[in-house]
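> One structure, pasted below without further comment.
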Amino acid sequence: MTISTLTFQTNALAEMEALQTALTQTQTELSTGSKLPNAAANPAAMSQVNQLNMTLSASQQYVSNGTAATANLQLQQGALTGATNALQSARDLAVEANNSALSLSDRQDLATQLQQLQNALLGAANSTDPAGNYLFAGTASGTQPFALTGAAVSYLGNNQVNQVQVAPDQSVSAGDAGDSVFMNIAAGNGTFTTAAAAGNTGSGSIDPGSVSNAAAWVPDTYTISFTSPTQYQVTNSGGTVVASGAYTSGQAITFNGVEVTVSGTPAANDQFTVAPAGKASVFSTISGLIATLNSTTLSSAQITTQIGGAIAQIDNALNGFGNVQASVGGRLNAITAAGNAAQNTQTQLQGTVSTLSSTDYAAAVTQLSTQELALQAAQESYASIAKLSLFNYVS
């Protein structure tokens, strides 16, 4: 087979150029520390690295989201702790006030302390983060959520909360709206409320009551009427008698799955009501208690009844605060778990990216040496053969 001088030169130069290109690429890998200086170096590997980097970036964003949500939830936990402490102190004062031996002045002193606790509750409900965003305003974080007008507190935020994604398939609420935390507290014992009629003349008072058989409870407004100091009857809103009997102070009156206790000595025609519980704010509960303690017209029995109802509602609010704090704690744990999982994922992703794109210096140095020898051999071979001609074989 005859190979022309031109073909020989073309092939030799092409081979040396390829060797030079490979040598240059290896030198670049060593100098930059990357096996993928551009997509052309290894298109398949570059595509895989790009996809991995996108996944890594998303994972890092989830961790960042979790960090921000954690800071907000921890601030909320602190505010709820403050609110709980203030409300527990208010309950202690209510228990102290539920003493018929106290004078009006004594009760008014307690009312003054309750007002200070009411202000503390309002401050906790209007807590902000370092940027001035209100924690309990829902998504309307730039609006002060609770406003005091006279003795009434209104809610100006909304009932929506920001959902923060902390994993590819997991989101958590970054806060709680103030209306659900502070405003929608079950009144009375949570099922019904009790009250003494304003025109009662006896010394009878009624407790908040309890549910003994929820299945038998029929929500309605019931009236307990005393036909004499020792006899009572219970009628529903339609006037139908649902229970009646002899009255003994401190003995439970039961009907339709609930029981209430009247204490003291009711007068004939005195009445008490049992009605389905609605919702009350923690602020209105404290305001109502303050009004009760400051009253100069309520009888001792009426004061006792109203204080008992307020204590029951405070207990509902304390339970509500506890439930919210438990929920916040659960979300913080979920964020921590998601963050740990994300960091493990990032470590794996970074390792894979490094394997695909980072230079193996030991292997690259060996490869560079081999490529240099190959190029040198090719150049020397080409130089030696290029000198030959037919005249070298003519003697």
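> Is at least one residue of the stretch 119-138 more than 22 Å from the chain's Cα centre (by Cα) and surrounded by fewer than 19 Cβ atoms within 10 Å (Cβ to Cβ)?
yes
> Right, here's the next one. When residues of the stretch 245-288 are filtered for being part of a strand (DSSP E or B), in contact (Cβ under 8 Å) with a residue 60 or more places away in the chain and of a type in the set (A, V, I, L, M), how many remain?
Counting residues in the stretch 245-288 that are part of a strand (DSSP E or B), in contact (Cβ under 8 Å) with a residue 60 or more places away in the chain and of a type in the set (A, V, I, L, M) gives 5.
> Something else: Take the residues in the stretch 269-307 that are touching a Lys or Arg at 6+ places or on another chain (Cβ under 9 Å) and of a type in the set (Ser, Thr, Tyr); name whichever of them is surrounded by the most Cβ atoms within 10 Å (Cβ to Cβ).
Thr292
> Can you confirm whether the stretch 198-207 contains a residue that is farther than 30 Å from Phe283 by Cβ, of a type in the set (A, V, I, L, M, F, W, C) and over 37 Å from the mean Cα position of the chain (by Cα)?
no
> Using beta carbons and a limit of 8 Å, which pairs, at least six apart or on different chains, have the first residue in the stretch 96-111 and under 17 Å from Ile286 (Cα atoms) and part of a loop (DSSP other than H, G, I, E, B) and the second one modelled with pLDDT of 95 or more and among the aromatic types (Phe, Trp, Tyr)?
none
> Which residue out of Leu114, Leu75 is buried (at least 19 other Cβ atoms within 10 Å of the Cβ), in the same structural domain as Ser180 (by TED's automatic domain parsing), at pLDDT 95 or above and assigned to a helix (DSSP H, G or I)?
It is Leu114.
> Kindly provide the set of residues from the stretch 142-177 that are free of Cβ contacts under 8 Å to residues at least 12 places away in the same chain and farther than 21 Å from Asn323 by Cα, ordered by number.
Within the stretch 142-177, Gly142, Ala147, Thr149, Gly150, Ser154, Asp169 qualify.
> For Leu80, which of the numbered conditions (1) in a helix (DSSP H, G or I); (2) over 16 Å from Val324 (Cα atoms) fails to hold?
(2)
> Now for a different question. Looking for whichever is crowded, with 19+ Cβ neighbours inside 10 Å, assigned to a strand (DSSP E or B) and not aromatic (Phe, Trp, Tyr) here; the options are Val181, Val153. Which one fits?
Val153
> Within the stretch 181-194, does at least one residue satisfy the condition of being assigned by TED's automatic domain parsing to the domain that holds Thr84, touching a residue at least 40 places away in the same chain (Cβ under 8 Å) and within 30 Å of Tyr62 (Cβ to Cβ)?
For the stretch 181-194, residues assigned by TED's automatic domain parsing to the domain that holds Thr84, touching a residue at least 40 places away in the same chain (Cβ under 8 Å) and within 30 Å of Tyr62 (Cβ to Cβ): present.
> Ok, one more. Restricting attention to the stretch 193-211, and to residues there that are of a type outside the set (Val, Ile, Thr) and not in a loop (DSSP other than H, G, I, E, B), which single residue is farthest from Pro266 (Cα to Cα)?
Per the criteria, the residue is Ser210.
> Residue by residue through the stretch 194-210, note down the ones that are within 16 Å of Pro276 (Cβ to Cβ), buried (at least 22 other Cβ atoms within 10 Å of the Cβ) and among the hydroxyl-bearing types (Ser, Thr, Tyr).
Scanning the stretch 194-210 gives a single hit, Thr194.
> Given Gly175, Gly123, which one is closer than 30 Å to Ala334 by Cβ, of a type outside the set (Asp, Glu) and in a loop (DSSP other than H, G, I, E, B)?
Just a single option satisfies the conditions, and that option is Gly175.
> Let me ask something additional. Part of a strand (DSSP E or B), small (Gly, Ala, Ser) and touching a strand residue (DSSP E or B) at 6+ places or on another chain (Cβ under 6 Å) - does that describe any residue in the stretch 132-145?
Within the stretch 132-145, not a single residue is part of a strand (DSSP E or B), small (Gly, Ala, Ser) and touching a strand residue (DSSP E or B) at 6+ places or on another chain (Cβ under 6 Å).
The values are calculated or read from the model by the stated rules, or taken from the named source; none is laboratory data. As the structure is a prediction and not an experimental result, all values here were calculated from the model. We place every Cβ from the backbone using ideal geometry, glycine too, and count neighbours over all the protein chains shown.
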